[in-house]
Amino acid sequence: VQLQASGGGLVQAGDSLRLSCVASGFAFSDYGMGWFRQTNGKEREFVAAVTWSGGSTYYSDSVKGRFTISRDNARKTVYLQMNSLKPEDTADYYCAAGARIGNPRRVDAYDYWGQGTQVTVSS
């Protein structure tokens, strides 16, 4: 099982980035997918999630209206479009996959995790 996240970088406040996470080794289209972020010394924080079909999405209050999660099951990829970035969005971003997700905002709802991709937003 592998989740390969990419797309992070250094941007200025107000800019946009799109993160991608390519999955392999499991039945991607059967899994709900989520994005979390983490900064040094803090707990991993929920950002966004999407159901297996893409029919439902969930967002944290801090990113709602600025970030969009989507998925392409044919490409086994989940995306996080991040617009109007703020310095407080600076973090390592992680994608995750869960087969039977109860509460998509919980870290323990997910079975597999990718490595992080770093996003830095300068003011």
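General observations
- Within the straight-line cut-off of under 26 Å between alpha carbons, the lysines reachable from LYS86 are LYS42, LYS64, sequence neighbours fewer than 8 places apart in one chain being disregarded.
- Cα convex hull, segment 8-68: 122 Å³ per residue, rounded to a whole number.
- For the chain, the relative contact order is 35 percent, taking Cα pairs closer than 8 Å that sit 6 or more residues apart in sequence and dividing their mean separation by the residue count.
- Cβ-defined net charge surrounding GLY14, 15 Å radius [Lys, Arg +1; Asp, Glu -1]: -1
- Charge sum, other residues only, whose C-beta stays under 13 Å from THR57's C-beta, Lys/Arg counted +1 and Asp/Glu -1: +3
- For the chain, modelled as a GNM whose springs connect Cα atoms under 10 angstrom apart, the maximal fluctuation among ALA48, ALA91, ALA13 occurs at ALA13.
- Of the solvent-accessible surface of segment 1-66, computed with a 1.4 Å probe over protein heavy atoms with every protein chain present, carbon and sulfur atoms account for 43 percent.
- List ASP61, ASP15, ordered by accessible area with a 1.4 Å probe, largest first: ASP61, ASP15
- Converting the Cα gyration tensor eigenvalues of the chain into ellipsoid dimensions via √(5λ) gives semi-axes, longest first, of 22, 14, 14 Å.
The values are calculated or read from the model by the stated rules, or taken from the named source; none is laboratory data. Small disclaimer: the values here were computed from a predicted structure and weren't measured. For neighbour counting, all protein chains shown are included, and Cβ atoms are generated from backbone atoms with ideal geometry for every residue, glycine included. Accessible surface areas use protein heavy atoms only, side chains included; no ligands, DNA or RNA. Shrake-Rupley method; radii C 1.70, N 1.55, O 1.52, S 1.80 Å.
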